[in-house]
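For reference, the structure discussed in these notes is given below.
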């Protein structure tokens, strides 16, 4: 197989993900509704109760809506990644993943393409959310929107890798939703998505430590800083490292035999 | 000792063993398939047919034994072997939300076929299965027989040497079953394609078809349908099948 074959396969996988995205419009709207409810309802209620002092990367006092917008962007990526992993588990056992795995190209490359394609498809959802958030006073500089694109992709890839790794060990599809409750919600709430880390530290040192250990915190901060045109070396290092770790672990753990054997033994 | 592989042999399965945990699924399974041959893999549900297909298509890793296609060892050069195999799975693997052409296009990209060549081949294969007028229709709108035809067209896009069909007629009415069977036999005759047709429906097998009969992962018989009947002393293959798969019965092919 030459380089062109590798490129053809990547384009094919990406195109299919885009087509599926276009055909499943309800998926697009449901992905938008969730963060918008948080922005319009949750943030409105919390605005009065929670004051945000001047913190980096903001150079002035901000509303709570402005604070939680990067965390909600990450939330869109988180749900998309987990949903995508769910479909890969389902496909692994009975669907189109079998077609993918019968390609003569290396399995690791095909899985990487699938993860990248899923992360790319999530980007329009994030930008659609940011476009609506503009009407709520979330107005990052225009360059921030551009700079955030690779960071959003990296975060999507990290979360996709984590989702696929976790899903590789799930016994049955029905359990996936349960596992996600133990992954999505702790990841989201134990991060700086809703409250600044100093608030968490005030609440308790253990809570702060857990938030610092959560890769999602660093993804949120990376999105926040990049969206406002600032560099966050620590966050980019941690998110890049976690992406490499989670994607590698997901590729190693992915085994189409596993689901079949479990079904036989159960 | 591995069996001798003749030059005309397309697929050689040699002393294959496979276990799901502690449960054996295939036990010392060996047989050969020639180019241009319609070879039936017959066995009741749970015989090990799907496991064998998963091993040939490398969805499962080999535990013991050897699979050689066109003289190429699957373990040594998996990419070369996979490029020579077309597969129709027992459960449909088509994307129902995509059109017929989009499904085929996706498969072609995974096989590294360039876009110019892709268009020609998609048109050729859909014409061959009589669906060239329905390229833009979503797969969801097709009936079961047509979906199977799309899957066969897709499996042949990269010009494989061996076509694996795992219970491809399940869920089809008798007319569609006969039609599909005839179509695949035509591919063997006209293109020299080797076909391994897994089934538990005996009426799909003709007297001169080579048959590999497996039961609980073991090879019970491996010769033509007529020879198996003669050996068992049965008039019809269905009787021979019942005799061979009855408890304690075992005939070496």
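Every read-out reported here was derived from the displayed coordinates using simple, explicitly stated rules and does not represent laboratory data. Because the structure is a prediction, the values reported are computed rather than measured. Every residue, glycine as well, gets a Cβ built from its backbone with ideal geometry; the counts of neighbours run over all protein chains shown.
Specify whether the C-alpha gyration tensor of chain B places it in the rounded, prolate or oblate class, a ≥ b ≥ c being the square roots of the eigenvalues: rounded for a/c under 1.5, otherwise prolate if a/b is larger than b/c and oblate if not. Prolate, because a/c is 1.5 or more and a/b exceeds b/c. Listing B:107, B:215, B:175, A:23 from fewest to most neighbouring C-beta atoms within 10 Å gives B:175, A:23, B:215, B:107. Normalising the average separation of contacting C-alpha pairs (under 8 angstrom, six or more residues apart) by the number of residues puts the relative contact order of the range B:93-159 at 50 percent. The simple Förster model, with R0 at 25 Å and r as the Cβ-Cβ distance, assigns residue B:75 and residue A:245 a FRET efficiency of 0.25.
Our summary gives chain B a relative contact order of 25 percent, counting only alpha carbon pairs under 8 angstrom and 6 or more residues apart.
Is the range A:3-265 best put as rounded, prolate or oblate by its Cα gyration tensor, with a ≥ b ≥ c the root eigenvalues, rounded for a/c under 1.5, and otherwise prolate when a/b is larger than b/c, oblate when not? The shape class here is prolate. Neighbour counts of other Cβ atoms within 10 Å put B:81, A:121, A:11, B:120 in the fewest-to-most order B:120, A:11, A:121, B:81.
Against chain A, whose longest principal axis comes from its Cα atoms, helix A:215-227 is set at around 60 degrees. Helical content alone sets the calculated 222 nm signal of chain A at -26000 deg cm²/dmol, taking -39,500 (n - 2.57) per DSSP H segment of four or more residues and averaging over every residue. Taking chain A as a Gaussian network of alpha-carbon nodes connected by springs under 10 Å, the highest mean-square fluctuation of the residues A:243, A:226, A:60 belongs to A:60.
Taking a ≥ b ≥ c as the square roots of the eigenvalues of the Cα gyration tensor of the range B:170-220, is the shape rounded (a/c under 1.5), prolate (a/b larger than b/c) or oblate? Oblate. Listed by Cβ neighbour count within 10 Å, with the fewest neighbours leading, B:178, B:51, B:23 appear as B:23, B:178, B:51.
Largest mean-square fluctuation among B:21, B:217, B:65, in a Gaussian network model of chain B whose springs join Cα atoms under 10 Å apart, belongs to B:21.
The mean sequence distance of close C-alpha pairs (under 8 Å, at least 6 residues apart), as a share of the length of the range B:204-248, puts its relative contact order at 27 percent. Highest mobility in the GNM of chain B, judged by mean-square fluctuation with C-alpha springs under 10 Å and restricted to B:128, B:76, B:159, is found for B:76. Rounded to the nearest 10 degrees, the angle from helix A:64-94 to the longest Cα principal axis of chain A is 10 degrees. Taking Cα atoms only, the orientation of helix A:3-23 departs from the longest principal axis of chain A by about 60 degrees. Its residues counted as N, the range B:52-114 yields a C-alpha radius of gyration over 2.2 N^0.38 Å of 1.30.
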